1. Please state the relative contact order of the stretch 96-182 as a whole percent: Cα pairs under 8 Å, 6+ residues apart?
2. Take every DSSP beta bridge with both residues inside the chain and express the antiparallel ones as a percent of the total, to the nearest 5.
3. Can you classify the stretch 116-212 as rounded, prolate or oblate using the Cα gyration tensor, where a ≥ b ≥ c are the square roots of its eigenvalues, rounded means a/c under 1.5, and otherwise it's prolate if a/b beats b/c and oblate if not?
4. For Gln403, list long-range residues whose amide hydrogen, built 1.01 Å from N in the peptide plane, is under 5 Å from its own amide hydrogen.
5. So what is the 222 nm mean residue ellipticity for the chain from helices alone, if each DSSP H run of at least 4 adds -39500 (n - 2.57) and you divide by all residues, rounding to the nearest 500 deg cm²/dmol?
6. What is the spin-label model distance, in nm, from Ser448 to Val358 if the labels are put 7 Å beyond Cα along the C-beta direction?
7. Hey, any idea what % of the chain's accessible area is carbon plus sulfur with a 1.4 Å probe?
8. Round to the nearest 0.05 the FRET efficiency obtained for Cys414 and Asn472 when R0 = 45 Å and r is the Cβ-Cβ distance.
Amino acid sequence: MADTVTVDLKGLNGVGPFKSAQEIFQETGVLVQEVDEGQPCLHCKDKCPGFSPHIWRKVCNNCKCPREAHDVYHEEFVNVRDRIGIKSAPDPTKNISKEKTLQEGYSWCPPGLSRDKVEEYFAQLPNHKVPRLGTPGEKYRDKQLMLQLPKQDLALAYCKFLEREYYQNFEDFVNARNEIALDIGYVRETLDQTLECYKCHGVLPQGDIAVIAPKFGESVAWHPACFVCTSCDELLVDLTYCVWESKPYCERDYAELLKSRCAACDELIFSGEYTKAMSKDWHSGHFCCWQCDESLTGQRYVLRDEHPFCVRCYEQVFANTCDECNKIIGIDSKDLSYKEKHWHESCFLCSKCKVSLVDKPFGSKADKVYCGSCYDAAFATRCDGCGEVFRAGTKKMEYKGRQWHEKCFCCCMCKNPIGTKSFIPRDNDIYCTGCYEEKFATRCIKCSQIITSGGVTYRNEPWHRECFSCTNCSASLAGQRFTSRDDKPYCADCFGELFAKRCTSCSKPITGIGGTRFISFEDRNWHNDCFICAMCNTSLVGKGFITDGPDILCPECAKQKLI
C-alpha cells in the first residue's frame, strides 16, 4: 500500500462526436482501421465473451485483460504510411505495393526488392515474427502496429482524454516528431562497399542486404534482425522508426522519452497536472480503483496483482473473514492464518481458556485451536518410550501405530536416538542398522564376519563365497565341483591326490566325481577305460579275465601265452 501524489484535476474532455476512420483520414492523413469489439481474448479463451471496451481504461470490461491481449485485427490491408500520415516516398520503389505484397504471400514486405531478396531478408528474422499471411507472424505484426504506432499518438481525432487547452501542444508535438524524428527505413544491397552494423558492429559484406534509415545517413546500416527499438528491443514494425540522440526507437517509446503516458487510457499526458503512483503516470481522473472506478487520487489504496484497489473494494473482494468473530479482517488488522483459517490478532485465542495464542505453541483438534496446556490435558497422546504426553508443538515420531518423542525413538541396544536414520524393527523392538547387524545378521562360519551378499551354504552353515575354499589348496569352491572328507571341503584335484584310490594301470587317482566308474579286484583298482588286456588291449569290462602277475589278460591271450 502506498500514497498517491495528489494534483489538481481540470477535467478531461472528449474530442467531440465519433468520426469514421475515413473522415479522420481526410482531415489528418492518418488512417487506422482496427477491429476490436467482440474479439476473443487470447489469454482467457472461452471464459471471455469477447472484447468490450472500458469507457476509459485500455482493457476489456468482461475479462479485465488489456486490449492487445485480444485478437484485434486490421480491417483492410495496412500501409504504414497511411497509418502514420507520411506521404509517399519520392522514390516509387520505396513505396508499398498492396498487390505485390499479397502476391508474395505476406501482409508486409520491404518494397523495391526481388522475390529472392525478400526471402533473403525474412530469412534473417525469427520465424514467428515473419508476417506471412495466415501465420502467427501476421498476428505479431498486427500487434506491433498497435503497440509501436498507437493511434492516439498519431492524430488528435483519436485522443479521447486530451484537454482542449492542450490541443495545440499535441499538434506541435506531432508536427515536430514527424518533421524531426519519424521516418521509414528501406532495404537495399550493399553493392559498392562493406558496411558495419550500427547495432552489433558486425560486418555487412558487399552483396548482403541491409536496412537503411535515411535520418541516420545513407552509409549507416543494420542487419535486418538488428533494426530494433533501443528501448523495447522489438523489431521496428514495417521499418518505421523515430530517432532520438542518434538511436532508433519505436514511436511509442520515443513519445515516452518526451511525454508521460497515462497507465490507464494509454494516451500521452500534455497537462502539467497529473498523478504519479506505483512508479507510473496517470491522468488524475484515471488513477482509480480497479474494481469500482472510484478515484484514488489522495486516497489510500492497496496493490493486488499490480492493480490498485480502494480499501473498501479490497476488503470486500480479497479480505478474509475471522474464524472467531466472523468479521472482515481489514487492511489495518494483522491476518493470522492456519490451515485455511484466519483470525484477527486479537481473536486468535485458545478455544477453552481464551488465552492469546500469538507467538505461542498451540494444537488443533476438530477445527479448533488450543493452547499447549489445554490441548495436552484434553487430547495429547503419550510416548511409547517414556510414557509422557506429547505437548503442543512437539515433534512426534510414528511407526505402525506407535509413537515416540524424538529423543525417545532410540535403538533398544545402544540407546542412541535414531531420528530420520534407517532402522530395523524386530518383534516389538527397534534397532539401528549397526546393532541389528551385530545381533542378528548372518555371519560366515569361517571368518565370523557379516555376510552382506553372495553367501554360500554348506552343511546348513553360511560362508562368504571367498571363504568357502579347498582345505588343501585354498582355491575358491563357489560354483566349482568339490567333495568332502571328515566334514572338510576339497576341490576335485586335491581330493583325488590326497584320498582317492589309484588306478593299477595308469596310477592316476580314481575320484568317482562326474560319474566315473572303476573296477576293483583283490585290492587292485582300475579306471573303466584302463581295465584292458595287457596283450591285445581289449576292454575286459563285464568279461572274463585271467591275472598274470600285475597284468590281466583276456582268455584268448592267456591261452596263447601258455602255448
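The values are calculated or read from the model by the stated rules, or taken from the named source; none is laboratory data. It should be emphasised that the depicted structure is a prediction, and the values quoted were computed from it without experimental measurement. Note that we place each Cβ from the backbone using ideal geometry, even for glycine, and neighbour counts take in every protein chain shown. Keep in mind that these areas ignore ligands, DNA and RNA; they rest on the heavy atoms of the full protein, side chains included. Shrake-Rupley method; radii C 1.70, N 1.55, O 1.52, S 1.80 Å.
1. Numbers: 52 pairs, mean separation 13.8, N = 87.
Once divided by the residue count of the stretch 96-182, the mean separation gives 16 percent.
2. On the way: 73 of 75 bridges.
Approximately 95 percent, going by the DSSP bridge assignments.
3. oblate
4. Asp384
5. On the way: 13 runs with 102 residues, N = 563.
Result for the chain: -5000 deg cm²/dmol, rounded to the nearest 500.
6. Placing both labels 7 Å beyond Cα along the Cβ direction yields 6.8 nm.
7. 47 percent
8. 0.60
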